[in-house]
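Down below is the structure, laid out as structure tokens.
A short reminder: the numbers here are calculations on the coordinates, not readings from a lab. None of the values given here were measured: they were computed from a predicted structure. We place every Cβ from the backbone using ideal geometry, glycine too, and count neighbours over all the protein chains shown.
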Amino acid sequence: MTAAVTADIPLAPDRAHIARLYRAHLSTGRAVLGSVLGGMLETASDGAWVYTEDGRRYLDFGGYGVFILGHRHPAVTAAVHRQVDTHPLASRVFLEPVAARAAQALAERTPAGLDRVHFVNSGAEATEAGLKLARAHGHTALVSTAGGYHGKTLGALTATANPKYQQPFRPLLPDSTVVPYGDTDAMAATLAEVGRRACVIVEPVQGEGGVRVPPPGYLAEVSRLCRAYGAFLIVDEIQTGLGRLGAWWGMTAEGVRSPSPDVLLVGKGLSGGVVPVAAMVATEAAYRPFSRDPYLHTSTFAASPIACAAAWAAVEALDRENVVRRAAVLGDRLLTGVRAACAPYGEGLVHDVRGRGLLIGLEFAEERTAGELILELVGRGVLVNHSLNATRVLRLTPPAIVGEEDVRLFLAALAEGLSVVAARVG
């Protein structure tokens, strides 16, 4: 089985030339990885599909959680086109209406109390903004969880707690502690020692950590502990928010409602799959230092009109098209199908299948098996992702717009790929 061919996709520059440009001006390692995956050039996208320069199309069940609305959602692209044609970047002297309306749209969907929106350009920037805001309140002791992923800028990298990515850049932020994910006893012991200096950052479900779903009530108990010890709580929903888990926010599904965390981090799906944008959303009390002095933490391109146009349109589309409910239903259908496809291989090949909504992980007994299956799926016209902090876990983050035919195509490709890989490693 090979990827389907679509003849009307225009040709791009030849592969060898682009690979040379990568080696000369971008990343040699990225050029090597591209050649391992077949050397294709990604030149177009639409809905659930990505197209290469030779006219083949690939069902995108990856995208690192960005494409909850699919590629080039018409409402988002139209909003961005209008903004580009009128006012793409702001002078930052006057007030800018699109940022204000995008902030209102997002705040109307966040849990109660999280009303102050600080737009940035990436998830890592959202993490940095949250960590700085915590420090402005005196919370200088960072507490993160093993396997968590919050970005690779210096502060975010301290919270990410993966030695592979941390070691070349040490020393990182001082006074940081890593506790086991899902372990409320360990969290309680750490907070009892650190007290109100603590800034806790945690994900409702760990994405790059290998789709690790915590025990029921974990996040609610972490929230309670933070209140009890006076700690500052950052809930990172950059990957899990905006419907990815079949709920607007993973933390509300976990029972974290009131009081809300001090900060909620939002990204990926906020882009609508069109323009990079993320946000740190805070309570009135938490945001006060940034609100009082608007120049305390700034970025030239943060809250740009084109990014905010995308965010505004994306949030409205998620609501209008009932995407969150669709993600819940589709997620159940996919999780059942993936478990059925993996069932014949037991723990000898597939150690576990887990997930929530449209965030699903396949954990393999060996790291190389995950890599081989990714290659087999690419050969069958399907894109998926690995997990940066859990190399044995293949991660599925499909759009909520895929139909039953797309699901059948994916499950057939998965079954065929598993069969081939099992025969090879067995």
Cα pair distances of segment 152-201 binned at 10 Å [whole percent]: 24, 48, 27, 1
In degrees, nearest 10, range 0 to 90: what is the angle between the Cα axis of helix 404-425 and the longest Cα principal axis of the chain? 70 degrees
Kindly write out, for segment 334-346 in residue order, the coupling ³J(HN,Hα) from the Karplus curve 6.51 cos²θ - 1.76 cosθ + 1.60 (θ = phi - 60°), rounded to whole Hz, with x marking Gly and Pro. 5, 4, 4, x, 5, 5, 5, 5, 8, 3, x, 9, x
Given a Förster distance of 56 Å, the FRET efficiency implied by the Cβ-Cβ spacing of residue 14 and residue 108, rounded to the nearest 0.05, works out to 0.70
Packing-based order for 160-167, 87-94, using average beta carbon neighbours within 10 Å, highest first: 160-167, 87-94
Interchain or sequence-distant (5+) residues whose placed amide H lies within less than 5 Å of the amide H of residue 143 are 177, 199, 200, 201
log₁₀ I(q)/I(0) of segment 15-161 at q = 0.09, 0.14 Å⁻¹, via Debye over equal Cα point scatterers, no solvent, to two decimals? -0.48, -1.11
Can you tell me the 0 to 90 degree angle between the C-alpha axis of helix 367-379 and the longest principal axis of the chain, rounded to 10? 60 degrees
Sequence order, segment 105-113: Karplus ³J(HN,Hα) from phi using 6.51 cos²θ - 1.76 cosθ + 1.60, θ = phi - 60°, Hz rounded, Gly and Pro as x, gives 4, 6, 5, 5, 10, 7, x, 3, x
Just grab the label-to-label distance for residue 36 and residue 423, each label 7 Å out from Cα along the Cβ direction, in nm (one decimal). 2.4 nm
Residues whose modelled amide H sits under 5 Å from the amide H of residue 41, counting only those 5 or more places away in sequence or on another chain, are 53, 54
Can you give the % of DSSP beta bridges in segment 74-320 that are antiparallel, to the nearest 5? 40 percent
Projected onto the charge dipole of the chain (unit charges on the beta-carbon of Lys, Arg, Asp and Glu, signs +1, +1, -1, -1), the Cα from 350, 107, 195 with the largest positive-side position is that of 195
Percentage, to the nearest whole number, of Cα pairs in segment 74-320 over 27 Å apart: 32 percent
Can you tell me what percent of all Cα-Cα pairs in the chain are more than 36 Å apart? 26 percent
Where a ≥ b ≥ c are the square roots of the eigenvalues of the C-alpha gyration tensor, would you call segment 107-231 rounded, which needs a/c under 1.5, or, failing that, prolate if a/b is larger than b/c, or oblate? rounded
Excluding residue 306 itself, calculate the net charge of residues whose Cβ lies under 13 Å from the Cβ of residue 306, where each Lys or Arg counts +1 and each Asp or Glu counts -1. -1
Return the distance in nm (one decimal) between the two label points of a simple spin-label model at residue 75 and residue 343, each offset 7 Å from Cα along Cα→Cβ. 3.8 nm
Could you work out the mean projected area of the convex hull around the alpha carbons of segment 214-362, in square nanometres to one decimal? 11.4 nm²
Fewest-first ranking of 248, 312, using other Cβ atoms within 10 Å as the exposure measure: 248, 312
Give me 288, 354, 227 sorted ascending by neighbouring Cβ count inside 10 Å, so fewest comes first. 227, 288, 354
Added length on full extension, which subtracts the Cα-Cα distance from 0.36 nm per residue, residue 94 to residue 333: 81.2 nm
Fewest-first sequence of 95, 265 by Cβ atoms within 10 Å of each Cβ: 95, 265
Helix 15-25 against the longest principal axis of the chain: what's the angle in degrees, Cα atoms only, rounded to the nearest 10? 30 degrees
Along segment 67-83, Karplus-curve 3J(HN,Hα) (6.51, -1.76, 1.60; θ = phi - 60°) to the nearest Hz, with x for Gly and Pro, reads 9, 4, 9, x, 8, 6, 4, x, 5, 6, 5, 5, 5, 5, 4, 4, 5
Quick one: what Rg and Dmax do you get for segment 304-426 from the alpha carbons, in Å? 16.2, 54
